[in-house]
Amino acid sequence: MAYLITYDLVTPGKDYSSLYQGIQSLGPWCHCLDSVWIVINTSSAAEIRDYLRGYVDRNDKILVVELTGRWAAWNLQRECAEWLKSNL
């Protein structure tokens, strides 16, 4: 299944590279926008959310949504658009 992962990181200046590594560890991924990733994973949205909670502060926000495969975009980088065409 494909999931969209997005987040609001509230703590300014904090290094969230471990969050990015956590997202990348979930499986094939595309980092389409600043705080938007799409990953392929067999877990549920709730399981992914709970896993990622270990990488953020208590006041940060995470949203994980299962994707249906239909999508439209404007002005994405070519690599991201190609990844979406190939994986969704």
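The values are calculated or read from the model by the stated rules, or taken from the named source; none is laboratory data. Fair warning: this is a prediction, and the values are worked out from it, not measured in the lab. Note that we place each Cβ from the backbone using ideal geometry, even for glycine, and neighbour counts take in every protein chain shown. Surface accessibility is based on the protein's heavy atoms, side chains included, excluding ligands, DNA and RNA. Shrake-Rupley method; radii C 1.70, N 1.55, O 1.52, S 1.80 Å.
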Next on the checklist: Condition first: without any contact (Cβ under 8 Å) to a residue 60 or more places away in the chain, of a type in the set (Phe, Trp, Tyr) and within 27 Å of ARG70 (Cβ to Cβ). Now tell me which residues in the range 2-56 satisfy that.
Outcome noted: TYR7, TYR20, TRP29, TRP37, TYR51
Next on the checklist: Can you tell me how many residues within the range 34-88 are open to solvent by less than 50 Å² (accessible area, probe 1.4 Å), touching a strand residue (DSSP E or B) at 6+ places or on another chain (Cβ under 6 Å) and not in a loop (DSSP other than H, G, I, E, B)?
Outcome noted: 12
Checklist entry - Can you name the number of the only condition in (1) part of a strand (DSSP E or B); (2) of a type in the set (Ser, Thr, Tyr); (3) over 20 Å from ASN87 (Cβ atoms) that SER18 fails? => result (1)
